[in-house]
Structures are given as C-alpha cells and as structure tokens.
Amino acid sequence: MGNSDTIAAIATPPGRGGIGVVRISGRGLKSLAEKIIGYIPQARHARLSKFLGEDGLVIDEGIVLFFPAPHSYTGEDILELQGHGGPAVMNLLLASCLSAGARLAQPGEFTLRAFLNNKLDLAQAESVADIIDASTGEAARCAVRSLQGEFSSVIHSLVQALTDLRLLIEASLDFPEEEEVDLPHQAEVGDKLGRLQAQLQQVFASARQGNLLREGVWVVLVGQPNVGKSSLLNKLAGEEAAIVTEVPGTTRDTIRQLIELEGVPIHLVDTAGLRETNDIVEKMGIARTRSVIEKADLVLLLMDSRQGITPDDEAILASLPAPLPVLHVYNKIDLLRGPESAKSRKSFAEVYLSAKTGEGIETLREKLLEMAGWRPQSMGEGVFMARQRHLHALFTAREHLESAAALLGNGKESDLLAEELRLAQKELSSITGEFTADDLLGEIFSRFCIGK
Ligand code: GDP
Ligand code: ZN
C-alpha cells in the first residue's frame, strides 16, 4: 500500500450501457497516453480520440480527460477514457492499458490513494462507498454530507476541545507533588468536560440514526401457515413478491423485500414458518429461517385475529432469542365480526390490521420505525452517515470521558484523568483516520467496488 505505480480499472458497472469508463491513475501517465491515444492530452479538456489496442489497431473512439497531479481525485495523474459501454470493448481497452504499463487496480484503490494523498480523510473515503451502496435517497444524501466533510468537521471540533482540555490538565501536572492535591483549574476543567460529554452524546445519537440509514432494519415475518405473512409482505412492498396461496405451508423459501420508510431501508423477510415438520424441503426452509432470525433487528409475529395467539405461536415466541423485540400483529381484522371487531388495544407491541384491505398498515409502518429507534426529523438534518466502526469509536470515547469525569469528582488523580482524555481523543481521531493501522485500511478499502 502507498506506492504509486499506475493502476487501471473499468469504473463503470459491468454490462452494457451508453458509456463505459476506464480510469487510470499513477505517476507519469504521459507515455501510457501516447501508446493508447497517440498524444499527450491537455489538462482538463475533453477531446474526442481514437483508442488504440495492444496491437496498435483502433478498438474504440471516445472522450479523453486528463487530470494532472495534484488536482485529481487521487492526487496523482488521472486519465479517463470514456468509450462505448459494452463489456467486450471495455475489456479490450483495459487490456490495452495493462499492456501499456498499468496494473489492474484493487477494489477501492483509487480512493485509498486519495486518502493517502490527503485528498480525503478516512470518514470521507468511507462515505464514497456509502454513497454508492446507499439503498435509499435519504441514505445517499446523508453519505454525501459526510463526503463534504460535515461529519469530519464535527469530529475535529470535538478533538480540538479535547486537546484544549488536555493542555489545561497537563499544565497542572507539572506542578510539584504537594500542589497536585488541588487542581488549579478544577472548576474550569469540570465545566469543559461536561460540555464535551454533552456534545459527544449528541453526535453519538445522530450517528446512530445515520447508522440506521446505512444498515437498514432487518424485519422477519414469522407465524403459522396461512395467517397472511406473504400477503402482508406484498402489501408493504406494494408488489407481488411472494406467492400467496390458500394451501398452508407453501412459502417454503425465505423471501426478501427491501422497502423504504421515511428514507430508512427496511429489509423484510418472509419465512417458511418455524413449526416442526418432517418435510425435507420445508426443513431446509426452516434452517434458513433460523439463520435469518439470527441477524434480525426485530420480529413480526403474525396471527389471525379471529384466533388470537395460539399454543403454536407461544412455541414460536419461546424459540426466538430473548433480546429480539417482537411485534404482535393480528391480521385479517376485516373478517372479524361483532363486538370484538377493530378492538385495537394500542399497546406498544401490538398492531391490528388487514393485509387484504390495508387497514392498520399505516400504524404498522409507524410501529416499525419506532421500534427500530428512528426519530422522525426534517430530511435527515444533522444526521451523520455512520458505520459500526464510527459508533464504536464514539461509544468508547464517551466511556473514557465518563471515567475522566468520575476521576475529576475524586479530585487528585489528574494523571489518570489526563490519560482518559488522551484515550478519548485517540478514539475520535481514529474516525477521521489520523492514526490508522494498515490492516484497518485494507479492511475498509477492500469492500469498495473496483474502479473507485
Ligand atoms: P402465509 O402462509 O402466512 O404466507 O399466508 P398468505 O399470505 O399466503 O395468506 C393465506 C390466505 O389468507 C390467502 O388466501 C390470503 O388471501 C388470505 N389473507 C391474508 N391476509 C388477509 C386479510 O387481511 N384478510 C383476509 N380476508 N384474507 C387474508
Ligand atoms: Zn406465505
């Protein structure tokens, strides 16, 4: 990592499209440009050119763009060849670049170079992948804000405040032993520490919301055969994703749907049911259900409202991992007659609805978001697209500040106090990547797509 040999990749997705782009980055792209287009392009000027193959024959024609270092995405020379977007012609063009001295870029290698050349900090570099991977518009918008440095600048200001506080405390550490009993700036330190804790708490809360946008919520639908799981999934998804039949136990496979509620991606999984069975196909479905439940954030237990909860449902509930939140959903209220009809008890974890008529579906949507921990806000304002890594760093920093506050309460342990602050600062700095181990970088960038 960190060397700057010339790398090349097809930057557009595989398949056919109007345009396909091969991107090349490195030092001294001029000789490569001469081989492929026959001249050295002018900086930042689009020009129609012929692209030559390994054998010197024309393989395509298209637009050439040249961004000389350091004013480019990677900070190195970048050449972009925009040809016709077909796999065969793109592969020929890439092969031509490789024979002209480039090597195939690894996933995320362009962005890694941008990071190593200080074009982006680590949180910004991660947001590039998050923009590409975003599954809702709101998630994408959030990631773009991170790319523009909003998250980083909040982290920087926390780090700055921590630095000031450490200076204040470390100055007092220089006093001789007997004066250490009374921290000279104790009130001021306490004040600043308190403010820092409050700010960090706010950033953490907002980062958790962003993380929800990034990861989405995994919701698993369980229940007896024929209670309407597939129908509910279809209703929520608004399309015929799962086969709805009158025969119990026909949904043997798990079926997944991605829906969007207030910009939050919700992954809905319909299951084969959890009941005991001897049917081999159904058994496979059940094994899959188990593994889906393991990564679920919440479970919808769907029941027929005419029957209410049955011993079989109790058995399903008992089989679920204890900390997993369960929403009880009573379906088919359109079939209820008489006094019990539409008797919603409005307790937190219950919803009455009809997958057929749609009655109660809106309440279900609200409950889903509420249980997922989403707080309604104006278009994600102030929400940071945060990864698990960021949440962990914020959480740990918060713990160090709490320890620091406790020490301060005890008065004289100011060297330990200084150490807690140093550790908190280190955690926060890891978000923007000031001190980042190579293996962490490898892990982060290897998950990018090729050509980015
Ligand atoms: P699953 O086995 O739990 O997936 O159940 P399905 O979604 O396949 O539904 C079983 C049957 O119940 C189908 O005939 C559905 O049309 C019917 N059904 C599902 N939801 C409702 C509802 O809210 N009201 C009525 N009247 N029928 C429903
Ligand atoms: Zn079904």
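Structure above, values below:
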read-out	value
The stretch 197-242 - residue that is among the β-branched types (Val, Ile, Thr) and more than 16 Å from ligand 1 (Cβ to nearest atom) and, of those, surrounded by the most Cβ atoms within 10 Å (Cβ to Cβ)	Val203
Inter-residue pairs, beta-carbon under 7 Å, first in contact (Cβ under 8 Å) with a residue 40 or more places away in the chain and in the stretch 290-315, second surrounded by 14 or more Cβ atoms within 10 Å (Cβ to Cβ) and of a type in the set (Phe, Trp, Tyr), 6+ apart	Lys295/Trp218; Ala296/Trp218; Asp297/Trp218; Met303/Tyr330; Ser305/Tyr330; Ser305/Tyr352
Elements of type helices (runs of 4 or more DSSP H) contained in the stretch 46-139, each with 2 or more residues being closer than 15 Å to Ile10 by Cα	87-99, 109-116
Scope the stretch 299-316; condition surrounded by 18 or more Cβ atoms within 10 Å (Cβ to Cβ) and either hydrophobic (A, V, I, L, M, F, W, C) or touching a helix residue (DSSP H, G or I) at 6+ places or on another chain (Cβ under 9 Å) (or both); matching residues	Val299, Leu300, Leu301, Leu302, Met303, Asp304, Ser305, Ile316
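Quick grid of which residues meet (1) under 30 Å from Leu261 (Cα atoms); (2) in contact with a Ser or Thr (Cβ under 8 Å, 6 or more places away or on another chain); (3) modelled with pLDDT under 95; (4) not hydroxyl-bearing (Ser, Thr, Tyr):
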| residue | (1), (2), (3), (4) |
| --- | --- |
| Glu366 | yes, no, yes, yes |
| Leu401 | no, no, no, yes |
| Ala406 | no, no, yes, yes |
| Ala418 | no, no, yes, yes |
| Phe435 | no, yes, yes, yes |
| Gly442 | no, no, yes, yes |
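The values are calculated or read from the model by the stated rules, or taken from the named source; none is laboratory data. No experiment lies behind these values; they were computed from the predicted model shown. Positions of Cβ are generated from backbone atoms using ideal geometry, with glycine treated the same way; all protein chains shown enter the neighbour counts.
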